[in-house]
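Notes follow the structure.
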Amino acid sequence: MAAIRPSAPLVFDLRLLDAARKHSHYMTLHGLGHDEDPAKPGFTGRSPSDRAKAAGYNGGSGENCFAQAPDPWGSHLGFIIDWGPGGTGGMQPGRGHRANITNASYTLVGPGALANGGNLSVTHLFGSDRKRYAGGVVFIDKDRDAWYGLGEGRGGVTVEAGGQRVATWGSGAYAIEIPAGAGTLTLRAGEVSVTRPIPAEPGNVKIDWIIPQEQDLAAADKLLAAVDAAKDPAAPAARKARVALLIGAEGLCLDDARAARVKELTAELGTALAADRAAVREALAGEPKALKKAIDAHEKPWKGTAAAGWFAEAELYARASAASAAMPVNASPTKLRGVAKELRAMATKSEVAEFRAKLEALARVAEAKVD
C-alpha cells in the first residue's frame with residue numbers, strides 16, 4: 001500500500017451509477033462476473049464498456065464486482081485488500097481491484113449496490129473522460145458528528161464553478177465540471193452561500209459543505225414572519241405568503257415546533273398544489289394540445305406565487321421532450337451533440353430537480369445515439 005501514489009478523488013456520475021446498479025442486479029440473478037449473457041434475464045451489455053455506453057457514457061471504463069459482500073464497508077475492504085487465491089499474502093495476483101480504485105486516470109465512478117439475500121451485490125464502474133471535476137456532499141449535521149450520515153443530505157443546493165451550474169441531488173452529493181487552473185466554487189442554499197478555492201493543481205477536487213441548522217431555522221422564521229405580517233388572512237397577500245412558506249420550507253431541517261406550525265399554515269395549500277402538479281405530470285404523457293390546456297388550468301391558481309416556477313418548467317420540459325422526439329432517426333452526430341449540449345444547458349438552468357433530471361435524461365438519450 002505504501003508504494004501506491006496518491007490520486008485525486010473520484011466523483012459520482014449518474015450514467016455509470018445506472019449501469020453499475022443494473023449489473024449488480026444481473027449478479028443477483030446469475031452470480032459474480034464481469035461479462036453478461038444476452039440470452040439471460042437482466043442483460044444490459046456484454047462488457048463493462050458496453051453497459052456504460054448503453055447508459056449514455058462513452059468514455060473509457062473499468063469495473064470492480066463483489067456479488068456477496070457482507071456490507072458496504074466489507075465490500076470496500078474486499079476491493080482495497082483484494083483478498084483471494086493465487087497471490088502472495090492471501091491476496092489476488094496483481095491486486096486488480098485495488099489498482100482500479102487508485103488508478104489516477106479514472107475521474108468518475110458509479111457505485112451500485114443491491115441486496116443479495118443477506119449480503120450485497122456491489123459494482124463499481126469507473127470512467128475517464130479527460131475532464132476535471134469537483135464533487136462532494138452538502139448536508140446538515142443533525143447528529144453533530146461532523147460526518148455525513150443517512151438522511152442528512154441536502155438536495156437542490158446550487159453549485160457554481162467556472163461558468164457551470166448544477167444542483168445537489170437528493171442525497172446531497174454533486175458533481176460539476178471545472179476548468180484547469182485555480183478558481184473558486186460557490187455553494188448556495190437559499191440566502192446562505194459559501195465560496196471555496198479550487199487549487200491550480202490538476203485533478204479532481206473534493207469540496208463538502210455542512211450547512212448550519214441555524215440557517216434553516218432562520219430561513220423558516222423569516223417565512224413565518226411574512227405570514228404573520230399579513231393583517232387579513234383571507235387577503236391575496238396572505239395566501240401568497242403562505243405559498244412562499246410552503247415552497248421555501250421544503251427540505252429545511254426544522255425543530256418540531258416550527259415544523260408543526262409550517263404544516264398548520266400550509267396543509268390545505270400543499271394538498272391543492274400536489275393535486276395540480278399530479279394533473280400536469282399525467283398530462284405530460286399525453287397530446288401537446290391537452291398538455292398546454294392542463295398547464296394553463298392548473299397553473300392559474302398559483303400565478304404570481306412561489307409555486308408558479310414549477311409549472312413554467314413543466315412546460316419548458318414538455319417542449320424539449322417534443323423536440324427531442326421529433327428528431328429524425330438519421331440525424332447526424334453533429335446535430336445530436338448540439339441537441340444534447342442544449343438540453344444539458346437547459347438542465348443546468350433549471351431550478352426544479354424533477355425537471356432537471358428529466359432534461360439530463362433526454363440529453364443522455366441524444367448522446368447515446370451519437371455512436
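Give me the angle, in degrees from 0 to 90, between the Cα long axis of helix 353-370 and the longest principal axis of the Cα atoms of the chain, rounded to the nearest 10.
40
Quick one: grab the alpha carbon gyration tensor of segment 55-103, order the square roots of its eigenvalues as a ≥ b ≥ c, and give me rounded if a/c is under 1.5, else prolate or oblate depending on whether a/b is larger than b/c. Provide the component values of the computation, followed by the final result.
Numbers: a/c = 2.55, a/b = 1.49, b/c = 1.71.
Oblate shape, in that a/c is at least 1.5 and b/c is the bigger or equal ratio.
Largest first, what is the accessible-area ranking of Tyr106, Tyr26 with a 1.4 Å probe? Present the calculation step by step, with values, prior to reporting the outcome.
Values: Tyr106 30, Tyr26 10 Å².
Per-residue accessible area, sorted high to low, gives Tyr106, Tyr26.
Cross-link list Lys142/Lys206; Lys289/Lys358; Lys142/Lys358; Lys303/Lys358; Lys22/Lys358; Lys222/Lys303: which exceed 27 angstrom alpha carbon to alpha carbon? Don't skip to the answer; put the middle values down first.
Details: Lys142/Lys206 22 Å; Lys289/Lys358 20 Å; Lys142/Lys358 31 Å; Lys303/Lys358 23 Å; Lys22/Lys358 19 Å; Lys222/Lys303 22 Å.
Over 27 Å Cα-Cα: Lys142/Lys358.
Please state the shape class of segment 165-241: rounded when a/c is under 1.5, otherwise prolate if a/b exceeds b/c and oblate if not, all from the C-alpha gyration tensor. Write out the running numbers ahead of the final one.
Details: a/c = 3.55, a/b = 3.18, b/c = 1.12.
Prolate, since a/c reaches 1.5 and a/b exceeds b/c.
Based on alpha-carbon positions alone, could you give the equivalent ellipsoid semi-axes of segment 119-247 from the gyration tensor, as √(5λ), descending, whole Å? Display every interim value, and only then the final one.
Numbers: eigenvalues 249, 68, 38 Å².
They are 35, 18, 14 Å, listed largest first.
How many angstrom separate the Cα center of segment 131-170 from the Cα center of segment 182-203?
Here the answer is 12 Å between Cα centres.
Over what distance in Å are the Cα centres of segment 27-65 and segment 212-237 separated?
Result: 51 Å between the Cα centres.
So which GluC sites (Glu not before Pro) in segment 332-371 end up in coil per DSSP with only 15 or fewer other C-beta atoms within 10 Å? Let's see the in-between values first.
Values: sites: Glu342, Glu351, Glu354, Glu360, Glu367; in loops: Glu351.
Qualifying residues, ordered by number: Glu351.
Say the dipole of the chain comes from +1 at the beta carbon of Lys and Arg and -1 at that of Asp and Glu; which of Gly117, Gly94, Leu359 then lies farthest toward its positive end?
Checking the options against the dipole of the chain, the answer is Leu359.
Quick check: from the Cα gyration tensor, does segment 1-138 come out rounded (a/c under 1.5), prolate or oblate? Before the final figure, lay out each step's value.
Values: a/c = 1.57, a/b = 1.06, b/c = 1.48.
Oblate.
How far, in degrees from 0 to 90, does helix 236-248 lean away from the longest principal axis of the Cα atoms of the chain, to the nearest 10?
Orientation of helix 236-248: about 10 degrees from the principal axis.
Percent of accessible area on the chain owned by carbon and sulfur, 1.4 Å probe?
Taking all protein chains in place, the chain shows 57 percent carbon and sulfur surface.
When the dipole is taken about the Cα centre of the chain, and only Lys, Arg (+1) and Asp, Glu (-1) are charged at their Cβ, what size is it in debye, to the nearest 20? Provide the component values of the computation, followed by the final result.
Values: 45 positive and 42 negative charges, 209 e Å.
Using Cβ point charges on Lys, Arg, Asp and Glu, the chain gives about 1000 debye.
Would you mind working out the accessible area per residue for the chain, using a 1.4 Å probe, and quoting it in Å²?
Working: 19590 Å² over 371 residues.
Accessible area per residue, the chain: 53 Å².
Using a 1.4 Å probe and counting only protein heavy atoms, arrange His25, His124 so the residue with the most accessible area comes first. Don't skip to the end; give the middle numbers.
Details: His25 85, His124 25 Å².
Per-residue accessible area, sorted high to low, gives His25, His124.
Need the full-extension length gain, Asp37 to Asp141, defined as separation in residues times 0.36 nm minus the C-alpha distance. One decimal, nm.
On the way: separation 104, 0.36 × 104 = 37.44 nm, distance 4.44 nm.
Extra length available between Asp37 and Asp141 comes to 33.0 nm.
Hey, what's the Kirkwood Rh for segment 304-357 if you take every pair of different alpha carbons, in angstrom? Please report the intermediate quantities before stating the final value.
Details: mean 1/r = 0.0818 Å⁻¹.
For segment 304-357, the Kirkwood estimate is 12.2 Å.
By how many degrees, 0 to 90 and rounded to 10, does the Cα axis of helix 213-229 deviate from the longest principal axis of the chain?
The angle comes out at about 20 degrees.
Average projected area of the Cα convex hull of the chain, in nm²? Don't jump to the answer; show the numbers that get you there.
Numbers: hull surface 89.7 nm².
Average of the hull's projected areas for the chain equals 22.4 nm².
The values are calculated or read from the model by the stated rules, or taken from the named source; none is laboratory data. Note that the coordinates shown come from a computational prediction; the quantities given were computed from them, not determined experimentally. Neighbour counts are summed over all protein chains in view; Cβ atoms, including those assigned to glycine, are modelled from backbone coordinates with ideal geometry. In case anyone asks, the SASA skips ligands and DNA or RNA and just uses the protein heavy atoms, side chains included. Shrake-Rupley method; radii C 1.70, N 1.55, O 1.52, S 1.80 Å.
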